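I have placed the structure first, in the form of structure tokens, so that the comments after it can refer back to it.
The values are calculated or read from the model by the stated rules, or taken from the named source; none is laboratory data. This is a predicted model, so every value here is computed, not measured. Here the Cβ is made from the backbone with ideal geometry for all residues, glycine too, and neighbour counts use every protein chain on show.
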Amino acid sequence: MNKELLVIKKRYNLKEEEFNFILTSVFDRKLYQIYLSEKLPKNKIKKIINICERKKTEIPLPYLLKKAYFLDLELYIEKGVFIPRAETELLISLLENYNQEKIKYILDIGVGTGNLTIALARLFKKALVIGTDISKKALKVATKNVEKYSLSNQIKLYHADLFYFPNYQKYFNHFDLIVSNPPYINEKDYKNLPKAVKNYEDKRALYGGEDGLLIIKRILKEGKIFLSPKGKIVLEIDNNHPIKIYEYAKELYSSFIFVNSLTKKIRFAIIS
Ligand SMILES: C[S@@+](CC[C@H](N)C(=O)[O-])C[C@H]1O[C@@H](n2cnc3c(N)ncnc32)[C@H](O)[C@@H]1O
């Protein structure tokens with residue numbers, strides 16, 4: 001194993017996965033190839049040290065490296081835009097057995113880096129995917145990622161509050177899927193978030209009001225008119241939300257399916 005790398009890793013006391021993340025972003029090569037190289041270019045070693053130095057400040061690595069990963073996507077990211085979480089990847093798996101031919105219109109609310117938007121467009125190749133975000137920075141970043149994956153014809157992004165992009169009325173009764181990983185953290189949990197999250201990620205991406213349900217309730221209430229007759233709303237939610245969501249929306253919808261994440265906590269809702 002490359003000795004220089006071992007020394008750096010030890011000096012900065014980084015977690016295995018953090019150090020590996022830095023290595024793969026700096027070298028653009030497979031990890032084993034990096035570790036097995038006897039000699040590595042000086043400028044790259046300098047870059048690694050530089051990143052490790054900046055990492056001391058708790059800045060999340062994706063912001064330092066301007067790179068984030070979601071499923072098989074490598075995405076551009078800037079400080080302040082929500083870092084895609086591995087847990088959210090499961091949302092896409094939930095949709096994998098849906099009929100590809102029948103899904104024509106999809107809305108992704110709160111695109112962030114565009115991770116879900118892009119994954120949805122790649123899964124449902126015949127669908128038009130509309131994405132909205134309240135954050136201009138998120139839209140700038142998502143636009144870059146959509147261009148990177150050559151999906152500008154299939155994905156339309158808008159700076160908008162939830163559903164209200166220009167001419168939204170045209171899409172009443174249209175969306176086969178309304179997907180969102182909305183801000184859903186409640187007041188109490190928000191106060192206890194780690195500094196690395198609270199100080200660097202946008203509050204609008206995390207905080208869902210006192211009970212965490214502010215945006216979710218709006219999506220459920222205001223979204224009904226946008227759904228196609230067999231359309232579904234697919235949401236990432238908090239483990240404490242299912243009963244409250246059911247109580248709130250039981251007059252509006254007839255089917256509520258709650259799905260666990262890999263950690264066995266409820267993390268998703270499919271509502272129609
Ligand atoms: C938790 S992040 C999710 C980002 C990305 N979809 C993901 O799954 O990683 C929530 C996103 O919703 C956006 N957002 C918050 N309130 C919104 C609103 N009223 N309308 C549209 N987007 C909103 C935030 O700016 C943020 O990008």
Original post:
Restricting to segment 160-210, what's the tally of residues that are more than 9 Å from the ligand (Cβ to nearest atom), over 21 Å from Asn239 (Cα atoms) and at pLDDT below 95?
Top reply: 4
Original post:
Any idea which residue in segment 129-151 is nearest to Phe165 (Cα to Cα), counting only those that are within 12 Å of the ligand (Cβ to nearest atom) and charged (D, E, K, R)?
Top reply: Asp133
**OP:** Scan segment 78-99 for residues that are within 11 Å of the ligand (Cβ to nearest atom) and among the acidic types (Asp, Glu) and jot them down.
**Re:** Glu87, Glu89
Subject >> Only listed residue being within 14 Å of the ligand (Cβ to nearest atom), surrounded by 16 or more Cβ atoms within 10 Å (Cβ to Cβ) and modelled with pLDDT of 95 or more, chosen from Phe258, Phe268 >> reply: Phe268
**OP:** Would you mention how many residues in segment 97-115 are more than 22 Å from Asn167 (Cβ to Cβ) and touching a Pro at 6+ places or on another chain (Cβ under 8 Å)?
**Re:** 3
Original post:
Could we say that Tyr253 is in the same structural domain as Thr132 (by TED's automatic domain parsing) and either in a strand (DSSP E or B) or in contact with an Asp or Glu (Cβ under 6 Å, 6 or more places away or on another chain) (or both) here?
Top reply: no
Original post:
Lys67: modelled with pLDDT of 90 or more and in contact with an Asp or Glu (Cβ under 7 Å, 6 or more places away or on another chain), yes or no?
Top reply: yes
**OP:** Filter segment 198-214 for residues that are touching a residue at least 60 places away in the same chain (Cβ under 8 Å) and either buried (at least 16 other Cβ atoms within 10 Å of the Cβ) or assigned to a helix (DSSP H, G or I) (or both) and give the result.
**Re:** Tyr200, Glu201, Asp202, Arg204, Ala205, Leu206
Subject >> Evaluation of Glu147 against (1) over 25 Å from Ile225 (Cα atoms); (2) touching a helix residue (DSSP H, G or I) at 6+ places or on another chain (Cβ under 9 Å) (one fails), failing number >> reply: (2)
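Limited to segment 100-124, what total is found for residues that are more than 11 Å from the ligand (Cβ to nearest atom) and either surrounded by fewer than 22 Cβ atoms within 10 Å (Cβ to Cβ) or closer than 15 Å to Leu151 by Cα (or both)?
10
Which of the residues that make up segment 128-153 are part of a helix (DSSP H, G or I) and either modelled with pLDDT under 95 or hydroxyl-bearing (Ser, Thr, Tyr) (or both)?
Residue satisfying the conditions is Thr143 alone.
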Subject >> Failed item, numbered, when Leu94 is tested on (1) assigned by TED's automatic domain parsing to the domain that holds Val141; (2) touching a helix residue (DSSP H, G or I) at 6+ places or on another chain (Cβ under 6 Å) >> reply: (2)
Subject >> Residue satisfying condition, being within 25 Å of Lys67 (Cβ to Cβ) and among the basic types (Lys, Arg), within set Lys170, Lys136, Lys125 >> reply: Lys136
**OP:** Can you tell me which residue among Glu53, Glu96, Glu89, Glu17 is closer than 25 Å to Ser150 by Cβ, outside any loop (DSSP other than H, G, I, E, B) and among the charged types (D, E, K, R)?
**Re:** Glu89
Original post:
Looking at (1) basic (Lys, Arg); (2) farther than 21 Å from Ile237 by Cβ; (3) assigned to a helix (DSSP H, G or I), can you tell me which one Lys125 breaks?
Top reply: (3)
